[in-house]
Amino acid sequence: MELDHIFIFTHQAHQVATRLTTFGLSEGSANVHPGQGTACRRFFFQNAYLELVWIVDEEEVKSPLLERTNLWERSQYKLTRYCPFGLCFRTPQPAGPSLSLAFEAGWRYYSDYLPEGQYAHIASNEAFAFEPMLFEMPFFGLAPQDYPVEKQQPLLHAKGYQKLTKVTLTLPVPGNELSPAMQKVVGQSKVDTRLGESYVVALEFDGGNQGERQDFTDLIPLIISW
């Protein structure tokens, strides 16, 4: 499974983005999600990107059409204990009319900000509140380094990061109690999990060959190593 991006809900997007850029990350384009009530700021790397997400329209994100996504609950994770993370995967498609999907048990999520007829395919793990939202984009299979010219993003960072090589999620749930979808993610991607009291996502770049580490958990549940 090929990881496309990771999102983290935050109530302090401006402060977090400022901290990350001061640290040495190059920020890419921001985005708004019409009909979903969220917006984001993004940091791109050769093979994936990091997305800081926050609520801009509480009424939209609480609408019945979005209830199954648990986006509102995830955004309020300090109160609800829902996981504030999401993992999106690219699903390369074979030639022909049929679609290949990574998550066998899932549902189609249509949104105003997606091209007509396209959708995200969301895994049916919503009953596992302590897991990240898991979804795939069956109509978009390009890594950031392969984006067309009109969509290219800054990929050069002061610390020399190139590729995301490992993601470790600290979750308050043992690995043997994960949903089938999350078990598949752990078994077939660069994502792993560990048990802990608080949510944290640790991103490792380039195999951690420089032996460096930066902890941002005083502001957002994020650790970066390279």
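Please specify each residue of the range 53-98 satisfying the condition of being open to solvent by 70 Å² or more (accessible area, probe 1.4 Å) and either in contact with a helix residue (DSSP H, G or I) (Cβ under 6 Å, 6 or more places away or on another chain) or of a type in the set (A, V, I, L, M) (or both).
56, 62, 65, 79, 95
Taking the residues in the range 25-52 that are touching a His at 6+ places or on another chain (Cβ under 6 Å) and farther than 19 Å from residue 133 by Cα as candidates, determine which candidate is most open to solvent (accessible area, probe 1.4 Å).
Of everything passing the filter in the range 25-52, 26 is most open to solvent (accessible area, probe 1.4 Å).
If you check every pair at least six apart or on different chains, which have Cβ atoms under 6 Å apart with a residue in the range 62-77 that is under 15 Å from residue 126 (Cα atoms) first and a residue that is at pLDDT 95 or above and open to solvent by 60 Å² or more (accessible area, probe 1.4 Å) second?
Listed pairs, sorted by first residue: 72/62.
Mind checking whether some residue in the range 91-102 is under 14 Å from residue 4 (Cα atoms) and not aliphatic (A, V, I, L, M)?
The answer is yes, given that some residue of the range 91-102 is under 14 Å from residue 4 (Cα atoms) and not aliphatic (A, V, I, L, M).
Scan the range 148-179 for residues that are of a type in the set (A, V, I, L, M, F, W, C), surrounded by fewer than 15 Cβ atoms within 10 Å (Cβ to Cβ) and not in a loop (DSSP other than H, G, I, E, B) and jot them down.
149
Answer with yes or no whether residue 205 is hydrophobic (A, V, I, L, M, F, W, C) and either crowded, with 19+ Cβ neighbours inside 10 Å or closer than 27 Å to residue 22 by Cβ (or both).
yes
The conditions are (1) in a helix (DSSP H, G or I); (2) more than 30 Å from residue 158 (Cβ to Cβ), and residue 20 fails exactly one of them. Which is it?
Going through the list (1) in a helix (DSSP H, G or I); (2) more than 30 Å from residue 158 (Cβ to Cβ), residue 20 breaks only (2).
Under 8 Å between Cβ atoms, at least 6 apart or on separate chains: pull out the pairs that start in the range 31-58 with a residue that is on the phi > 0 side of the Ramachandran plot and end on any residue that is modelled with pLDDT under 95 and open to solvent by less than 10 Å² (accessible area, probe 1.4 Å).
Note: pairs meeting the criteria are 37/66.
Could you please give the count of residues in the range 1-24 that are surrounded by fewer than 18 Cβ atoms within 10 Å (Cβ to Cβ), of a type in the set (S, T, N, Q) and touching a residue at least 60 places away in the same chain (Cβ under 8 Å)?
2
Restricting the search to the range 180-215, which residues are touching a residue at least 60 places away in the same chain (Cβ under 8 Å) and either β-branched (Val, Ile, Thr) or assigned to a helix (DSSP H, G or I) (or both)?
180, 181, 184, 185, 188, 191, 201
How do the helices (runs of 4 or more DSSP H) wholly within the range 30-125 filter down when requiring 1 or more residues that are among the small types (Gly, Ala, Ser) and modelled with pLDDT of 95 or more: which remain? Give the derivation first.
Values: elements: 58-61, 71-75, 77-80.
By residue number, 71-75.
The values are calculated or read from the model by the stated rules, or taken from the named source; none is laboratory data. Not measured: the values here are computed from a predicted model. Backbone-built Cβ (ideal geometry, glycine too); neighbour counts: all protein chains shown. Note: accessible area is taken over every heavy atom of the protein model, side chains too, but ligands, DNA and RNA are not part of it. Shrake-Rupley method; radii C 1.70, N 1.55, O 1.52, S 1.80 Å.
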